[in-house]
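Structure, as C-alpha cells:
The values are calculated or read from the model by the stated rules, or taken from the named source; none is laboratory data. Computed from a prediction, not measured in an experiment: that's the story for all the values here. Here the Cβ is made from the backbone with ideal geometry for all residues, glycine too, and neighbour counts use every protein chain on show. What goes into the accessible areas is simple: the full protein's heavy atoms, side chains included, and nothing from ligands, DNA or RNA. Shrake-Rupley method; radii C 1.70, N 1.55, O 1.52, S 1.80 Å.
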Amino acid sequence: MAVTVRCEEIAGHPDFRRLDSIAGIAVDLRYATPDNFVGRDLYSPLDCAWLHNDAAAALERVVAWLGRRRPDCKVLVLDALRPQRVQEQLWLALQGTELLGYIADPARGSIHSFGMALDLTLLDAQGRELDMGTGFDDLSERSHPALEAGLLARGELTAAHIANRRLLRDAMFQAGWVGINSEWWHFDCGDRQLVRRDYVRVL
C-alpha cells in the first residue's frame, strides 16, 4: 500500500521542503490563481509551495548551473506539489474534451502529487519570462517539445523560442530532471514508476 500524507500535514513531514527555502528562484504558483487553463484558484486554502527533498536538491543543482552558465537567467516555478485532490479536480474539468491526455489519471497519480515534478520557466535579468513560443498551460501542439522541428519549419515557432526552450531543458537535464513530449514547462525528478512505488503521495 502506497504511503500517503494529507497536504495539511506536510509542514511536519521530514521528506518535504518549502520552496522558499531554495535560494535563487522565483515562485508564482499558477494553480493558486485564476491564471491557468481551468481559470480558477484550485489550491487555496492549501499550501502547495513544497517539493520532496530529492526534487528540492535537484532544483538547487539547476540554480547552480544557471549561476555558472547564464547568471542573467532565473528559475520561475509555476507549479510544484499538486495534491491528489487537486489532480482529481483537473481530471474532472477536462472530461469530454480533447485535452484529457494532458492530465495524469488520478488513479495512477501525477508525479506532482509526490512533490517530484515541476512546471517552470526562466526569467531574464529584468524579471520577464523568456519567450517560449507559448505561455504556460497552452495545451496545443505548439507546446510540444517533440514537434519543435516541424513547428520551426512551418514558422509556428522561431529559432529564438527553441533556443530558450533548449536552455531550460539543458539546465534541467544536467540536474537529473526528465522532460515530456507534450509540455515544454513540465519536468519529472527521476523515473515515474519508481516515484509512484517509493515516494509519499500527498492527498
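Quote the FRET efficiency, to the nearest 0.05, computed for residue 160 versus residue 64 with a Förster distance R0 of 22 Å and r equal to the Cβ-Cβ distance.
0.30
Counting helices only, and only those DSSP H runs with n ≥ 4, report the 222 nm mean residue ellipticity of the chain as the sum of -39,500 (n - 2.57) divided by its residues, in deg cm²/dmol to the nearest 500.
On the way: 5 runs with 55 residues, N = 203.
Computed ellipticity for the chain at 222 nm equals -8000 deg cm²/dmol.
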>> Per residue, how much accessible surface does the chain expose to a 1.4 Å probe? Answer in Å², no decimals.
In response: 46 Å²
>> Computing the accessible area with a 1.4 Å probe over protein heavy atoms, can you report the carbon and sulfur percentage for segment 5-202?
In response: 50 percent
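Evaluate 2.2 N^0.38 Å with N set to the residue count of segment 59-116, then give the Cα radius of gyration divided by it.
1.52
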>> Compute the distance from the alpha-carbon center of segment 7-22 to that of segment 170-185, in whole Å.
In response: 23 Å
> Restricting to the chain, what percent of DSSP beta bridges are antiparallel, rounded to 5?
Replying inline: 75 percent
>> In 5 Å bins starting at zero, report the fraction of Cα pairs in the chain per bin as a rounded %.
In response: 1, 7, 16, 20, 21, 18, 11, 5, 1, 0, 0
> What is the magnitude of the charge dipole of the chain about its Cα centre, with +1 placed on the Cβ of each Lys and Arg, -1 on the Cβ of each Asp and Glu, and no other charges, expressed in debye to the nearest 20?
Replying inline: 420 debye
> What does a probe at residue 194 reach in segment 139-173, counting residues whose amide N is under 16 Å from the point 7 Å along Cα→Cβ?
Replying inline: 173
> Alpha carbon centre of segment 34-57 versus segment 70-106: separation in Å?
Replying inline: 9 Å
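Using 0.36 nm per residue of separation minus the Cα-Cα distance, give me the extension gain between residue 182 and residue 23 in nm, one decimal. Don't skip to the end; give the middle numbers.
Details: separation 159, 0.36 × 159 = 57.24 nm, distance 2.90 nm.
This chain segment gains 54.3 nm when fully extended.
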> Using alpha-carbon pairs under 8 Å, 6+ residues apart, how would you state the relative contact order of the chain in percent?
Replying inline: 26 percent
